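J.: Pasting a structure below so you can have a look.
Derivation of every value follows stated rules applied to the coordinates shown; laboratory data play no part. Nothing here was measured: the structure is a model prediction, and the numbers come from that model. When we count neighbours, we look across all protein chains shown, and the Cβ atoms used for this are built from the backbone with ideal geometry, even at glycine.
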């Protein structure tokens, strides 16, 4: 007797794991502990700049690690919390622009990373709180609409941020340099270490990825998680 279809559920997708045939190598790989698999990934990734001197390849590696970090953050919101957030990327842009304002000649502020990163995290948390207060009772499509609005509003603001008007100013002033963005950022500095090469940024991104994965894993496996 066939089971009645469930409304809103794609049966073919839901039963994909049941139809899937596991090969011998795949079964052996699944028996390896997750920590060992992640450690193997870190070792292989760390060897990319060693075996490749192509700057393009390493830049692609940096972008890939950044996208992996974004995926981890999105998994917290959508995967763990189950909230459909379509404006998630705006927080990434918010952090990037805040770092640029705090570590560039734009306003003459040249803070090291150990000083700017806590401020950026706090500012992004405050922005998330302001967005969450009016939408705390919304779910599903309604929450998605609010977060989509926030993402689009952020893009519009930074694109036109080269002529911002505010109280106390006689005319518009340049905050974000508009579509061109903020350039000439300071090299990444933290606890006396200065990163000036693309290989250095690759390892910074890899360390950040490893740190976030470990923190999220421990949080999910804890009693609270």
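J.: Report the residue, chosen from 138, 102, 206, that carries the largest GNM mean-square fluctuation when the chain is represented by alpha-carbon nodes joined by springs under 10 Å.
T.: Judging by the Gaussian network model, the answer is 138.
J.: Let me have the 222 nm mean residue ellipticity of the chain computed from DSSP H runs of 4+ only, each contributing -39500 (n - 2.57), with the sum over all residues rounded to the nearest 500. Kindly include the intermediate steps, with their values, before the conclusion.
T.: On the way: 10 runs with 135 residues, N = 225.
The helix-only estimate for the chain comes to -19000 deg cm²/dmol at 222 nm.
J.: What ranking do 31-42, 88-99 get when scored by the average of other Cβ atoms within 10 Å per residue, highest first? Each step should come with its number before you reach the end.
T.: Details: 31-42: 10.8, 88-99: 17.8.
Going from most to least packed, we get 88-99, 31-42.
J.: Neighbouring Cβ atoms within 10 Å as the yardstick, rank 212, 60 fewest first. Don't skip to the end; give the middle numbers.
T.: Details: 212 15, 60 12.
Sorted ascending by nearby Cβ count, the order is 60, 212.
J.: If you wrap a convex hull around the Cα atoms of segment 86-186, how much volume per residue is inside, in Å³?
T.: Value for segment 86-186: 114 Å³ per residue.
J.: What's the center-to-center distance, using Cα atoms, between segment 63-122 and segment 126-201 in Å?
T.: Segment 63-122 and segment 126-201 have Cα centres spaced 9 Å from each other.
J.: At 7 Å along Cα-to-Cβ for each site, give me the label-to-label distance between residue 38 and residue 212 in nm.
T.: 1.3
J.: Sticking with this structure for a sec: Quick one: helix 198-221 against the long Cα principal axis of the chain, what's the angle to the nearest 10°, folded into 0 to 90?
T.: 60
J.: What's the angle, to the nearest 10 degrees (0 to 90), between helix 88-102's Cα axis and the longest principal axis of the chain?
T.: Roughly 30 degrees, rounded to the nearest 10.
J.: Provide Rg over Rh for segment 20-119; use the alpha carbon set for both Rg and the Kirkwood Rh (inverse mean inverse pair distance). Walk me through the numbers before you get to the answer.
T.: Details: Rg = 18.9 Å, Rh = 17.3 Å.
Here the Rg-to-Rh quotient is 1.09.
J.: Restricting things to alpha carbons, find the Rg to Rh ratio for segment 102-143 using the Kirkwood radius for Rh. Write down the numbers at each step before the final one.
T.: Numbers: Rg = 15.4 Å, Rh = 12.4 Å.
In segment 102-143, Rg relative to Rh is 1.24.
J.: In degrees from 0 to 90, rounded to the nearest 10, what is the angle of the helix 140-159 Cα long axis to the longest principal axis of the chain?
T.: Approximately 30 degrees, to the nearest 10.
J.: A follow-up question, please. Scaled to the compact-protein estimate 2.2 N^0.38 Å, what is the alpha-carbon radius of gyration of the chain, rounded to two decimal places?
T.: Working: Rg = 21.9 Å, N = 225, 2.2 N^0.38 = 17.2 Å.
Compared with the compact-globule rule of thumb, the chain sits at 1.27.
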